[in-house]
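Here is the structure we will look at, set down as structure tokens.
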């Protein structure tokens with residue numbers, strides 16, 4: 001409880017769940033090669049499925065290690081900062097998908 005006269009910020013509604021390290025390793029070892037980068041991105045950022053599927057390369061800034069989502073479930077713009085392992089995985093996917 002907050003002291004009298006102090007209004008606490010509201011917590012966002014929704015579920016919060018996390019994989020254990022063992023669960024993450026199991027998912028990554030059993031996933032197809034092409035699924036590992038999206039899984040790493042989802043786990044490290046907490047992005048929703050619709051947000052992941054709506055990503056465009058224009059939303060990714062490798063220099064600042066950021067992904068900017070312009071269209072989210074609640075209409076707010078969101079920024080995600082990428083860990084270096086995710087940046088490498090995302091960069092590898094980008095390199096492999098580029099036309100020769």
Per-residue Cβ contact counts at 10 Å, fewest first, order 52, 82 as 52, 82
Going from the fewest other Cβ atoms within 10 Å to the most, one would list 73, 7 as 7, 73
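Express in nm, to one decimal, how much length is gained between residue 84 and residue 7 on full extension, taking 0.36 nm for each residue of separation and deducting their alpha carbon distance.
Result: 23.9 nm gained on full extension.
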In degrees rounded to 10, the 0-90 angle between helix 21-30 Cα long axis and the longest Cα principal axis of the chain is 30
Between the modelled labels at residue 31 and residue 56 (7 Å from Cα along Cα→Cβ) the distance in nm is 2.5
Measuring from the longest principal axis of the C-alpha atoms of the chain, the long axis of helix 84-97 (C-alpha) lies at a number of degrees, nearest 10, equal to 40
Scoring the chain by relative contact order with C-alpha pairs under 8 Å, at least six apart, yields a percentage of 20
Tilt, helix 33-45 to longest principal axis of the chain (alpha-carbon atoms), in degrees rounded to tens, equals 20
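Coordinate-derived values only; no laboratory data. All of these numbers come straight from a predicted model, not from anything done at the bench. Every residue, glycine as well, gets a Cβ built from its backbone with ideal geometry; the counts of neighbours run over all protein chains shown.
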